[in-house]
Amino acid sequence: MRGYESMLWEIVLQAAQAFLVQAESVPIDLPVEEQMKRLVYGHLTIMAYEQHAATVFFNEWRYLSPDRQERIKQLRDIYEACFQRVIEEGAMSSLCADSGLINAHAPLSYKARPAGLEPATVNLEG
């Protein structure tokens, strides 16, 4: 079992870091709409090119030890903060409400639940 968790940890950590590196590479001085496009495009690109690792990440991470699950949750929170920053900035400028960018983000946000990662609810009211 130890070997399985080590292998699983490497795959899950690699996928989490790929998502985070991509999101953090989006320049914050771009217009909000362009930032969101790049965040979504990057997310979908990783999903497409790292399909197996992403599948393991989303479906198997809950089999990690509690300490490792906590580390993945921390990385997930940092990743989601990249989207949240853009959403909040767009909401302040009314961009998200007018263009539907908040709805575009909703399926990309995942929260830990006992059964695994599930889509989270986006609070539009702030």
Inset, instruction - State which residue is surrounded by the most Cβ atoms within 10 Å (Cβ to Cβ) when the search covers only the stretch 1-19 and only residues that are without any contact (Cβ under 8 Å) to a residue 60 or more places away in the chain and either under 30 Å from M92 (Cα atoms) or not hydrophobic (A, V, I, L, M, F, W, C) (or both). - result: A18
Inset, instruction - List every residue pair whose Cβ atoms lie under 7 Å apart, where the two residues are 6 or more positions apart in sequence or sit on different chains, the first residue falls within the stretch 78-103 and is under 12 Å from P31 (Cα atoms), and the second residue, located anywhere, is at pLDDT 85 or above and of a type in the set (D, E, K, R). - result: L95/E33
Legend entry - Lone unmet requirement of (1) surrounded by fewer than 16 Cβ atoms within 10 Å (Cβ to Cβ); (2) modelled with pLDDT under 90; (3) under 23 Å from L8 (Cβ atoms) for N103: (3)
Inset, instruction - Say whether the condition of being closer than 13 Å to A16 by Cα, modelled with pLDDT of 90 or more, within 16 Å of the chain's Cα centre (by Cα) and part of a helix (DSSP H, G or I) is met by at least one residue in the stretch 85-100. - result: no
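Residues are listed down the side, and each one gets a yes or a no for (1) within 26 Å of W9 (Cβ to Cβ); (2) touching a residue at least 60 places away in the same chain (Cβ under 8 Å); (3) buried (at least 17 other Cβ atoms within 10 Å of the Cβ):
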{"position": "I28", "(1), (2), (3)": "no, no, no"}
{"position": "Q35", "(1), (2), (3)": "no, no, yes"}
{"position": "A48", "(1), (2), (3)": "yes, no, no"}
{"position": "Q51", "(1), (2), (3)": "yes, no, no"}
{"position": "V56", "(1), (2), (3)": "yes, no, yes"}
{"position": "R62", "(1), (2), (3)": "yes, no, no"}
{"position": "E70", "(1), (2), (3)": "yes, no, no"}
Inset, instruction - Of all residues in the stretch 22-33, count the ones that are in a helix (DSSP H, G or I), at pLDDT below 95 and more than 12 Å from R85 (Cβ to Cβ). - result: 1
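The values are calculated or read from the model by the stated rules, or taken from the named source; none is laboratory data. All figures in this text were calculated on a predicted structure; none of them were measured in a lab. Cβ coordinates were reconstructed from backbone atoms using ideal geometry, including for glycine residues, and neighbour counts include every protein chain displayed.
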